[in-house]
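S.K.: This is the structure, below, for whatever I ask next.
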Amino acid sequence: MGLRARTFVVGAALAAVALAASGCGSGVASSASSSSDGKKVSLSLVAYSTPQAAYEKIIKAFQATPEGKNVTFTQSYGASGDQSRAVAAGLNADVVAFSLEPDMTRLVDAGLVAKSWNAGATKGMVTDSVVVIATRKGNPKHIRSWEDLTRSGVEVITPNPFTSGGARWNVMAGYGAVSDKGADKAAGITYLKGLFKNVPVQDDSARKALQTFTSGKGDAMLAYENEAIFAQQNGQAIDYTLPDSTILIENPVAVTSKSKHPKEAKAFVAFLHSKQAQQIFVENGYRPVEHGVPGADKFPTPSGLFTIKDLGGWPTVMKEFFDTQNGAVAAIERDKGVSVKK
């Protein structure tokens, strides 16, 4: 499988957003709407770190609709795994939005999200992305392929895969590309060992990893495509390469079964699939899951794009790679002295 790549900069079609407004890590923000009639309802959105800027704009757009005019929001953002575990432990949430499906499955198993959460046309997913390789502006070390990330003298920034959903996507992208979608597992594991040997620090979320990279540490960063676009939109001097072989990132959203306002929560989730909301996601670097969204044609499809299903699906991947006792990645991390606590 070829590992050639294409390098991209962001065009003017993607609207800029303020880096400072986006925040990072765990945090809570509020957003209120004016009400002309009826009782105000407060919804709690608990989400992973990277889409904060998009959600803040989408919430304002929702509040301008008849369904959202009396709805206020509290918002919490952080590493996907940490957010999922917090909700399982009792953090109030009406709507949950995570980086990857296993963080939603945890809440299904806990009875906090209905088993039918993924029964719709998009299987419960609200946005897509792909894993890319970000580099310094001009790519001074000529890092263009997965193999380049294991070269001597190359530092790679990626978050801790036992807290960050984005990091798990990064791991499986590199593994899947080098192993030919798992056909050569030994080659894939050998690659991951070489990759993590070049990782000097592992933040707990994708947004914190972006901050580490843009502050000057590392030669390359594995990231969501939308994170690389976000950085460029905000004036960061980076380029990014879209490998020919990479993984499709699929981000889930759901209403919790404990929501005190399920009608309004469901209306908000439905709005996330509207053309207006999907276009806001596009402007923030995400690939839409709905058809006919303006700007969607700006995203090229890699010739070797694969999905998590091509690697056996999340239940298999979680057991083989991220089980804290016997997973392949857990073993690599322990050898580095990195925590694998979830």
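The values are calculated or read from the model by the stated rules, or taken from the named source; none is laboratory data. Note that the structure is predicted; figures quoted are calculated from it, not measured. Cβ coordinates were reconstructed from backbone atoms using ideal geometry, including for glycine residues, and neighbour counts include every protein chain displayed. These area figures cover heavy atoms from the full protein model, side chains too; ligands, DNA and RNA do not enter into them. Shrake-Rupley method; radii C 1.70, N 1.55, O 1.52, S 1.80 Å.
S.K.: Picking from 163, 150, which residue would you name as being closer than 21 Å to residue 80 by Cα and β-branched (Val, Ile, Thr)? Talk me through it step by step, then tell me what you get.
M.R.: On the way: 150 fails: closer than 21 Å to residue 80 by Cα.
That would be 163, the only listed residue that is closer than 21 Å to residue 80 by Cα and β-branched (Val, Ile, Thr).
S.K.: Quick one: in the stretch 200-216, which of the residues that are part of a loop (DSSP other than H, G, I, E, B) and out of contact with any helix residue (DSSP H, G or I) (no Cβ under 8 Å at 6 or more places or on another chain) is surrounded by the fewest Cβ atoms within 10 Å (Cβ to Cβ)?
M.R.: Initial filter on the stretch 200-216 (part of a loop (DSSP other than H, G, I, E, B)): 200-205, 215-216.
Narrowing the set further to residues that are out of contact with any helix residue (DSSP H, G or I) (no Cβ under 8 Å at 6 or more places or on another chain) leaves 200, 215-216.
On the way: 200: 11, 215: 9, 216: 7.
Checked the stretch 200-216; the qualifying residue surrounded by the fewest Cβ atoms within 10 Å (Cβ to Cβ) is 216.
S.K.: Considering only residues that are open to solvent by less than 10 Å² (accessible area, probe 1.4 Å) and more than 20 Å from residue 272 (Cβ to Cβ), look in the stretch 63-117 and name the one that is nearest to the chain's Cα centre (by Cα).
M.R.: 79
S.K.: Could I ask something else about it? Right, residue 188: open to solvent by less than 10 Å² (accessible area, probe 1.4 Å) and either under 23 Å from residue 104 (Cβ atoms) or hydroxyl-bearing (Ser, Thr, Tyr) (or both) or not?
M.R.: Working: open to solvent by less than 10 Å² (accessible area, probe 1.4 Å): yes; either under 23 Å from residue 104 (Cβ atoms) or hydroxyl-bearing (Ser, Thr, Tyr) (or both): no.
No, not satisfied.
S.K.: Would you be able to say whether some residue in the stretch 224-231 is open to solvent by 30 Å² or more (accessible area, probe 1.4 Å) and at negative phi?
M.R.: no
S.K.: Report, by residue number, each residue of the stretch 217-243 that is assigned to a helix (DSSP H, G or I) and either in contact with a Lys or Arg (Cβ under 7 Å, 6 or more places away or on another chain) or within 17 Å of residue 131 (Cα to Cα) (or both).
M.R.: Within the stretch 217-243, the first condition is being assigned to a helix (DSSP H, G or I), and the residues that meet it are 225-233.
Scanning the stretch 217-243 gives 225, 226, 227, 228, 229, 230, 231, 232.
S.K.: Same structure again: If you go through the stretch 325-332 one residue at a time, do you hit one that is among the β-branched types (Val, Ile, Thr) and either under 18 Å from residue 175 (Cα atoms) or in a loop (DSSP other than H, G, I, E, B) (or both)?
M.R.: Yes, the stretch 325-332 contains at least one residue that is among the β-branched types (Val, Ile, Thr) and either under 18 Å from residue 175 (Cα atoms) or in a loop (DSSP other than H, G, I, E, B) (or both).
S.K.: Looking only at the stretch 141-185, which residues are open to solvent by 50 Å² or more (accessible area, probe 1.4 Å) and part of a loop (DSSP other than H, G, I, E, B)?
M.R.: Going through the stretch 141-185, the residues open to solvent by 50 Å² or more (accessible area, probe 1.4 Å) turn out to be 141-142, 144, 147, 150-153, 155, 180-181, 183-185.
Result: 141, 142, 144, 151, 152, 153, 155, 180, 181, 183, 184.
S.K.: Additional query: Restricting the search to the stretch 249-266, which residues are under 22 Å from residue 53 (Cβ atoms) and either at pLDDT below 95 or open to solvent by less than 30 Å² (accessible area, probe 1.4 Å) (or both)?
M.R.: The initial filter retains those residues of the stretch 249-266 that are under 22 Å from residue 53 (Cβ atoms), namely 249-254, 265.
Matches in the stretch 249-266: 249, 251, 252, 253, 254, 265.
S.K.: Run residue 143 past the list (1) in contact with a helix residue (DSSP H, G or I) (Cβ under 6 Å, 6 or more places away or on another chain); (2) within 19 Å of residue 236 (Cβ to Cβ); (3) of a type in the set (A, V, I, L, M, F, W, C) and report the number of the one that doesn't hold.
M.R.: Unmet for residue 143, out of (1) in contact with a helix residue (DSSP H, G or I) (Cβ under 6 Å, 6 or more places away or on another chain); (2) within 19 Å of residue 236 (Cβ to Cβ); (3) of a type in the set (A, V, I, L, M, F, W, C): (1).
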